[in-house]
Amino acid sequence: MISTPLSPSDLSATVDAIARVQRPDGSIPWYEGGPVDPWNHVEAAMALAVGGRTREASRAYAWLAQLQRADGAWHAAYRDGDVIDATLDTNLSAYIATGVWVQLLCGAPDAEVRAGFACVERALGFVLSLQGEDGTVSWALDAAGRPSRRGLVTGSSSVHLSLACAARLADALGVPHPEWTAARERLADALRTAPHRFEDKRRWAMDWYYPVLCGVVSGADAFVRLAARWDDFVVPERGVRCVSNRPWITAAETCELALALVRCGDVVRAVEMLDWAQHLRGDDAAYWTGANYTDGRIFPPDEQPTWTSAAVVLAADAISGGVVATVLDSTR
């Protein structure tokens, strides 16, 4: 087992910080009084699960199940159970597959996992209804029901991981869905060979490392991809820029790069990334979104999102060879 810069008590305190923000209905907003979106909600729920907060994680998935639409999707954002962004985002809807796979790996009861799997089947029905013949998945339907013209590299890479987790989950439950693997392979081929089919967001770090993190690009190609833009995004001793031409580093992007490095087998640099993120740890064990690396100012000054703290917990778990390492291996 590889040690991390965080002790078990450090990690437990961060998991507790996430749990404190969870509402009585099970939803996990970005922060007190903030919005809830399905992707970040699942990210936080996974951190609760690997951190031993199994009851809270179960409540999070129960909340999702209650709000799932008949077509299998979720809206992009909620507040107090009300829809505040009616967009139907394919990546946000698919991510429950990754979350329920984590639930199974963390030992959730069979009945709970199977109930979550039913949500996964409906969610992926929606997602794959928006996959084109060229393999790409439209990133969303807008409030009027119109599909986006192109996919997103980051979102599509995450869908790729979710499809892989869903297939592993299906096999474990004895309900195979070979079409999910076929759809994942078509999506991966589009991501690797047809970048013009996706929105150009190369300024964002996520478009750089997400294909590696989510298993679209692997082996020697993954090292080549990360090396190609390492200096554009990585600020030594501080972390990863969110956007290549802005002096803003973020804890989530830094820890997600750590996850990509774990998937490559580069655990030494993954530990380094996690260590660099610690200057964004607050006194309450929750993490600030980011900071201006030129002057150290926290920005936004009052924002400690649950999903940022979750990224730290998940990176530490992966580095230690925990459940998250198994999730990253799901695309092999």
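Between Asp329 and Glu179, what is the label-to-label distance in nm when each label sits 7 Å out along the Cα-to-Cβ direction?
Using points 7 Å along Cα→Cβ, the separation is 3.0 nm.
With 17 Å as the cut-off, how large is the P(r) tail for region 114-211, expressed as percent of Cα-Cα pairs? Could you put the intermediate results ahead of the total?
Values: 2417 of 4753 pairs.
Roughly 51 percent, once rounded to a whole number.
Within region 157-176, find all residues whose amide N lies under 18 Å from a label point positioned 7 Å from the Cα of Ala194 along Cα-to-beta-carbon.
157-160
Grab every C-alpha pair in region 233-295, bin the distances at 5 angstrom width from 0 up to the longest one, and report whole percents.
Each 5 Å bin holds this share of Cα pairs: 4, 22, 29, 23, 15, 6, 1.
Figure the gain on full extension for Arg203 and Ala172 (residue separation times 0.36 nm, minus the Cα-Cα span) and round it to one decimal in nm.
Difference between extended and current length: 7.3 nm.
With a 1.4 Å probe and all protein chains left in place, how much accessible area per residue does the chain have, in Å²?
With all protein chains present, the chain gives 41 Å² per residue.
Of Arg146, Arg281, Arg225, which has the largest mean-square fluctuation in a 10 Å C-alpha GNM of the chain?
Sorting by GNM fluctuation, first place goes to Arg146.
Under a crude label model (7 Å from the Cα following the beta-carbon direction), how far is Asp302 from Asp134 in nanometres?
4.5 nm
How much space per residue, in cubic angstrom, does the convex hull of the C-alpha atoms of region 166-283 take up?
Spelled out: Cα convex hull of region 166-283, divided by residues, is 138 Å³.
Starting from the Cα of Asp221, step 7 Å along the direction of its Cβ; do the same at Ala62; then give the gap between the two resulting points in nm.
With each label point 7 Å from Cα toward Cβ, the separation is 4.4 nm.
For region 151-202, what Kirkwood radius comes out of the mean inverse Cα-Cα distance, in Å?
11.6 Å
Using a Gaussian network model of the chain with C-alpha springs under 10 Å, which one of Asn40, Asn292, Asn245 is most mobile by mean-square fluctuation?
Asn245
What residue among Ser320, Tyr95, Pro5 has its Cα farthest toward the positive end of the dipole of the chain, where the charges are +1 on Lys, Arg and -1 on Asp, Glu, each on the Cβ?
Final value for the positive-end residue is Tyr95.
At 0.36 nm per residue, minus the direct Cα-Cα distance, what do Arg149 and Asn292 gain on full extension? Give it in nm, one decimal, please.
Extending this stretch completely gives an extra 48.1 nm.
Rounded to a whole number of µm²/s, how large is the Stokes-Einstein D of region 1-81 at 25 °C and 0.890 mPa s, given Rh as the Kirkwood radius over C-alpha pairs?
185 µm²/s
Could you size up the charge dipole of the chain around its Cα centre, putting +1 on the beta carbon of Lys and Arg and -1 on that of Asp and Glu, and report it in debye to the nearest 20?
480 debye
For the chain, modelled as a GNM with alpha-carbon contacts under 10 angstrom, which of Val234, Val313, Val268 fluctuates the most?
Ranking Val234, Val313, Val268 by mean-square fluctuation puts Val268 first.
Quick one: plug the Kirkwood hydrodynamic radius of region 1-141 (C-alpha pairs) into Stokes-Einstein at 25 °C, 0.890 mPa s, and report D in µm²/s.
Numbers: Rh = 15.6 Å.
Estimated diffusion coefficient is 157 µm²/s.
On the Cα set of region 59-164, report Rg and Dmax in Å, please.
13.7, 41
Using r as the Cβ-Cβ distance of Ala111 and Ser3, and R0 as 30 Å, what FRET efficiency do you calculate, to the nearest 0.05?
0.25
Please compute the net charge surrounding Glu199, taking Lys and Arg as +1 and Asp and Glu as -1 over other residues with Cβ under 14 Å from its Cβ.
Around Glu199, the charge tally is +3.
Counting only C-alpha contacts under 8 Å and six or more residues apart, can you give the relative contact order of the chain as a whole percent?
RCO, the chain: 19 percent.
For region 4-128, which whole-number percentage of the solvent-accessible area (1.4 Å probe, protein heavy atoms only) is attributable to carbon and sulfur atoms?
The computed percentage sits at 52.
Quick one: dipole size for region 133-289, taken about the Cα centre, charges +1 on Lys/Arg Cβ and -1 on Asp/Glu Cβ, in debye to the nearest 20.
360 debye
Using 0.36 nm per residue of separation minus the Cα-Cα distance, give me the extension gain between Asp142 and Asp80 in nm, one decimal.
20.2 nm
Per residue, how much space in cubic angstrom lies within the convex hull of the C-alpha atoms of the chain? Could you put the intermediate results ahead of the total?
Working: hull volume 41.1 nm³, N = 332.
Output value, Cα hull per residue: 124 Å³.
The values are calculated or read from the model by the stated rules, or taken from the named source; none is laboratory data. Keep in mind that what you see is a predicted model, and the values were worked out from it rather than measured. All Cβ positions, glycine included, derive from the backbone under ideal geometry; neighbour counts span all protein chains shown. What goes into the accessible areas is simple: the full protein's heavy atoms, side chains included, and nothing from ligands, DNA or RNA. Shrake-Rupley method; radii C 1.70, N 1.55, O 1.52, S 1.80 Å.
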